[in-house]
1. I'm trying to understand the selection: among the residues of region 95-106, which are part of a loop (DSSP other than H, G, I, E, B) and closer than 20 Å to Arg85 by Cα?
2. Does region 118-129 contain any residue that is part of a helix (DSSP H, G or I) and either at pLDDT 95 or above or in contact with an Asp or Glu (Cβ under 9 Å, 6 or more places away or on another chain) (or both)?
3. Of the conditions (1) exposed (fewer than 14 other Cβ atoms within 10 Å of the Cβ); (2) more than 22 Å from Leu228 (Cα to Cα), Ser139 satisfies every one except a single condition; which number is it?
4. Hey, among Gly176, Gly213, Gly204, Gly181, which residue is within 19 Å of the chain's Cα centre (by Cα) and at positive phi?
5. Looking at the structure I just gave you, is Pro98 more than 23 Å from the chain's Cα centre (by Cα), farther than 21 Å from Trp187 by Cα, modelled with pLDDT under 80 and surrounded by 11 or more Cβ atoms within 10 Å (Cβ to Cβ)?
6. Taking the criterion of being modelled with pLDDT under 95, part of a helix (DSSP H, G or I) and of a type in the set (Val, Ile, Thr), would at least one residue in region 44-64 satisfy it?
7. Considering only helices (runs of 4 or more DSSP H) fully contained in region 132-249, which possess at least 3 residues that are closer than 30 Å to Arg85 by Cα and not assigned by TED's automatic domain parsing to the domain that holds Thr84?
8. Could you tell me which residue of region 12-30 is surrounded by the fewest Cβ atoms within 10 Å (Cβ to Cβ), considering only residues that are assigned to a loop (DSSP other than H, G, I, E, B) and touching a residue at least 24 places away in the same chain (Cβ under 8 Å)?
Amino acid sequence: MWAIEGTGSFGAGLTTALLARCERIVEVDRPARRGGVKSDDIDAVRAARQALAGVGLSEPRRRGDREAIRVLLATRAQAVTFRTRAISALHALVTSAPDGLRQRLRRLPLGQQLQTCPGLRDSSRRSVEESATVLAMRSTARWALACEREAAELEVQLDRLVRRLAPELLDQLGIGPVVAGQLITSWSHHRRIRSEAAFAKLAGAAPIEASSGTVTRHRLNRSGDRQLNRALHTIVLVRMRQDSATKDYVQRRLARARPSATSNGA
């Protein structure tokens, strides 16, 4: 048995080669380092002890189709992030622009700003400041639109892969190609996750016991796969708005959590 840390990053090459030889592989947790100190010898001993103890082990995620979805998801997320940054930069440019440009653009909705700014033209009658601002607005808006197109193209590819691998996911309310892709990426393959409880723990959706004395309570789990947690959160938000069964469940839970008028002494 091989115990490897980082099977999806620095250990990906070794993991792929060993899987091709039908070797048994477990993924071990990465150590918490103090002061940035690293020792390969110590890490190797720690990984071996963890594997022998059978604590905190998991099967490495598969490559192939699952890895293709992961790469598309990561690249799309970058495109969305860059688009958001470009829009923020464009908003700042409009806010601080000379009066003529500012009055023309600041009342336009975001979509119209993105469509208008790439077509701005310079003129010899403009000041140096105005000419530079027009150039910056034009470049920033084009960058935002390019990122938007890239994200859309990547989402189309995601949709094709998801429909081939797990089309039933897209039939569920609140699950689109991006959310479905994240579910597939985190789940990876059959029998990797043993139960619903294990899946909830992986997603950081399993509450943590925080009871003390006669008080029984739980607190939110901040660990686990945060991208998977985000995908589940998106599904819940959609169903809270559109699914009658989810709405009824939320109302029952809220009613149970509210203190009664009698208990308040009213």
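1. Listed by number, the residues that qualify are Ala97, Arg106.
2. No, there is no match, as no residue in region 118-129 is part of a helix (DSSP H, G or I) and either at pLDDT 95 or above or in contact with an Asp or Glu (Cβ under 9 Å, 6 or more places away or on another chain) (or both).
3. Going through (1) exposed (fewer than 14 other Cβ atoms within 10 Å of the Cβ); (2) more than 22 Å from Leu228 (Cα to Cα) one by one, Ser139 breaks only (1).
4. Going through Gly176, Gly213, Gly204, Gly181 in turn, the sole match is Gly204.
5. It is false that Pro98 is more than 23 Å from the chain's Cα centre (by Cα), farther than 21 Å from Trp187 by Cα, modelled with pLDDT under 80 and surrounded by 11 or more Cβ atoms within 10 Å (Cβ to Cβ).
6. Checked against the condition, which is being modelled with pLDDT under 95, part of a helix (DSSP H, G or I) and of a type in the set (Val, Ile, Thr), region 44-64 yields at least one hit.
7. On the way: elements: 177-187, 196-202, 226-242.
By residue number, 177-187, 226-242.
8. Within region 12-30, the first condition is being assigned to a loop (DSSP other than H, G, I, E, B), and the residues that meet it are 21-24, 28-30.
If we keep only those that are touching a residue at least 24 places away in the same chain (Cβ under 8 Å) as well, we get 28-30.
On the way: Val28: 22, Asp29: 13, Arg30: 11.
Among residues in region 12-30 that are assigned to a loop (DSSP other than H, G, I, E, B) and touching a residue at least 24 places away in the same chain (Cβ under 8 Å), the one surrounded by the fewest Cβ atoms within 10 Å (Cβ to Cβ) is Arg30.
The values are calculated or read from the model by the stated rules, or taken from the named source; none is laboratory data. Only a predicted model underlies this, so the values are computations on that prediction, with no experimental measurement involved. Note that we place each Cβ from the backbone using ideal geometry, even for glycine, and neighbour counts take in every protein chain shown.
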